[in-house]
1. Please compute the Kirkwood hydrodynamic radius of segment 2-212 from all pairs of different C-alpha atoms, in Å with one decimal.
2. For a quick check of your reading of the filter: which trypsin sites (Lys or Arg not before Pro) in segment 89-120 sit in a DSSP loop and have no more than 14 other Cβ atoms within 10 Å?
3. At 0.36 nm per residue, minus the direct Cα-Cα distance, what do Ser193 and Ala77 gain on full extension? Give it in nm, one decimal, please.
4. Under the 0.36 nm per residue contour assumption, what length would be gained going from the current alpha-carbon distance of Asp97 and Arg55 to full extension?
5. What FRET efficiency, computed as 1/(1 + (r/R0)^6) with R0 = 25 Å and r the Cβ-Cβ distance, is obtained for Gln70 and Gln156, rounded to the nearest 0.05?
6. Quick check for the chain: number of Lys pairs with alpha-carbon distance under 28 Å, counting only pairs 8 or more apart or on different chains?
7. Whole-Hz Karplus ³J(HN,Hα) for segment 74-85, in order, using 6.51 cos²θ - 1.76 cosθ + 1.60 and θ = phi - 60°, x for Gly and Pro?
8. Heavy atoms of the protein only, probe of 1.4 Å, neighbouring chains included. What is the accessible area of Arg88 in Å², nearest 10?
Amino acid sequence: MRLILLGPPGAGKGTQALRLVAKYGIVQLSTGEMLRAAVKAATPVGREVQEIMARGGLVPDSVVVSIVGQRIEQPDARKGFILDGFPRTVPQAVALDRMLATRGLGLDAVIELRVDEDALVRRIESRIAEMKERGEELRPDDNPEVLHNRLRAYRQQTAPLIAYYRHQEVLRTVNGMAPIADVTAAIDKVLPSDPPAGAREADGKKKSEELNS
Ligand code: AMP
């Protein structure tokens, strides 16, 4: 099973990805986490992207495409994966299509977590405040100003992927504002009930359907 979780920062992609990992025994590939690890380890890539991430911009397509290309080659990704935070631009999506096509693979579904942006901002701001109150460590890009930059990047560069994947007939939209368990149930409902064990051919895409949108 190969899935993409699509949605703005704070939409709950990470939370839902963890549940899908447990359910399908596939790996979660979060480009944000991979890049944060590179920054922490001060690798050349980490040094290149640190400042861009700190202000909430998108790192160059070539950087993330190369990271994902290497990652999906690893043995643990053979059974399938959930991409969380990738692709974030149309060129990244095109590069992913190419990577999968050369391996004779396709996507089973692109799950869009649709959220109301104002409610989302309130949700993230209160989460940041609660974490601060508990004395928990915040990510450097977890602050209101950077959040607005990240949302702008989503609107301008990532939202066009909704039309891209709708056109490919793999888009499944669920209401990301519902309680976590309800979002999980909605995702279960839109996923193929009997995913093939091996590679799914790129030309066998299912009809797009929208739920709770
Ligand atoms: P995330 O944890 O997915 O919210 O990502 C945190 C930050 O990492 C983003 O604000 C971007 O600066 C960077 N990032 C993560 N994934 C990508 C991507 N696919 N393309 C460009 N930048 C990314």
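1. With all distinct Cα pairs of segment 2-212 included, I get 17.7 Å.
2. Sites meeting the loop and neighbour criteria: Arg103.
3. Full-extension gain reported as 39.7 nm.
4. Length gained, Asp97 through Arg55: 12.2 nm.
5. The pair Gln70/Gln156 has a calculated efficiency of 0.35.
6. Value for the chain: 21.
7. 5, x, 5, 9, 5, 6, x, 7, 10, 8, 10, x
8. 80 Å²
The values are calculated or read from the model by the stated rules, or taken from the named source; none is laboratory data. Everything numeric in this text was worked out from a predicted model, so none of it was measured. Positions of Cβ are generated from backbone atoms using ideal geometry, with glycine treated the same way; all protein chains shown enter the neighbour counts. When the accessible area is computed, the model is the full protein with side chains, heavy atoms only, and any ligands, DNA or RNA have been set aside. Shrake-Rupley method; radii C 1.70, N 1.55, O 1.52, S 1.80 Å.
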